[in-house]
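The values are calculated or read from the model by the stated rules, or taken from the named source; none is laboratory data. Worth saying up front: this structure is predicted, and the values here are computed from it rather than measured. Glycine also receives a Cβ, built like all others from the backbone with ideal geometry; neighbour counts cover every protein chain displayed.
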Amino acid sequence: MQIRPADPARDAAACAAIYEPYVRRTAISFEDRPPDADQLAERIERYQATHQWLVAEGGGQVVGYAYACPHRDRSAYRWAADVSVYVDPRSHRRGFGRALYGELLRLLREQRFQVACAGVTLPNEASVALHESLGFVAVGVYPRIGFKLGSWWDVGWWQLALQQGSNGAPSEPAAPARTRGVPRTALAARTAPAA
């Protein structure tokens, strides 16, 4: 498995294909129409300007992606980042989601973000288990916040402290690093199928 920064021109179509069934068939995403490759390329560029968008490759193909984006627009929120991960259903339970999140969180720490926030449409035991296994803690639920596929859905929120807390003003988040040498490669043992 290789994890690397997404290239909008090279990876947008693969990311769109991975995301499409989540939009069409589930309430995991609250979007109604799957974005096409051009729309995903624009998102990748926009989010990479301040945060991160990573892809995981397995067997020479993009099999998942994870990204961070601003939690809210107002300036006091600038140290918080929303995070998401999507893996091709054919590659579930092979460690791609965990590896993507691990690298994403490491990079956000390097950028001096303080908090990672994850919204999870409920119920979703697999996503809750993934987030909690990485140290995220439940902080609340928005009941009946979204209507999709003929039903109302709750969204739970999980949070992870990325830095040790202090009472003073934190350093400003840094711009994403893009030229740090070769991409990190996850260990093969981390990608073994679950028993």
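Here is how the numbers come out for the structure above:
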{"item": "Top-ranked residue in the stretch 139-176 [being in contact with a Pro (Cβ under 9 Å, 6 or more places away or on another chain) and under 19 Å from GLY102 (Cα atoms); ranked as modelled with the lowest pLDDT]", "result": "PRO176"}
{"item": "Residue pairs meeting the criteria (Cβ under 9 Å; at least 6 apart or on separate chains; first among the basic types (Lys, Arg), in the stretch 131-147; second surrounded by 13 or more Cβ atoms within 10 Å (Cβ to Cβ))", "result": "ARG144/TRP153; ARG144/ASP154"}
{"item": "Looking only at the stretch 86-100, and only at residues there that are part of a helix (DSSP H, G or I) and free of Cβ contacts under 8 Å to residues at least 40 places away in the same chain, the one that is farthest from the chain's Cα centre (by Cα)", "result": "ARG90"}
{"item": "Residue, surrounded by the fewest Cβ atoms within 10 Å (Cβ to Cβ), within the stretch 27-49, restricted to residues that are more than 16 Å from the chain's Cα centre (by Cα), part of a loop (DSSP other than H, G, I, E, B) and free of Cβ contacts under 8 Å to residues at least 40 places away in the same chain", "result": "ARG33"}
{"item": "Qualifying positions in the stretch 106-117 - surrounded by 22 or more Cβ atoms within 10 Å (Cβ to Cβ) and part of a helix (DSSP H, G or I)", "result": "LEU108"}
{"item": "Scan of the stretch 57-78 for residues that are touching a strand residue (DSSP E or B) at 6+ places or on another chain (Cβ under 6 Å) and over 15 Å from ALA17 (Cβ atoms), ordered by number", "result": "ALA66, TYR67, ALA68, CYS69, HIS71"}
{"item": "Answer from VAL120, VAL83 - the residue that is more than 11 Å from the chain's Cα centre (by Cα), crowded, with 16+ Cβ neighbours inside 10 Å and either hydrophobic (A, V, I, L, M, F, W, C) or in a strand (DSSP E or B) (or both)", "result": "VAL120"}
{"item": "Subset of the stretch 1-24 [touching a residue at least 60 places away in the same chain (Cβ under 8 Å) and farther than 16 Å from ALA41 by Cα]", "result": "MET1, GLN2, ILE3, PRO21, TYR22"}
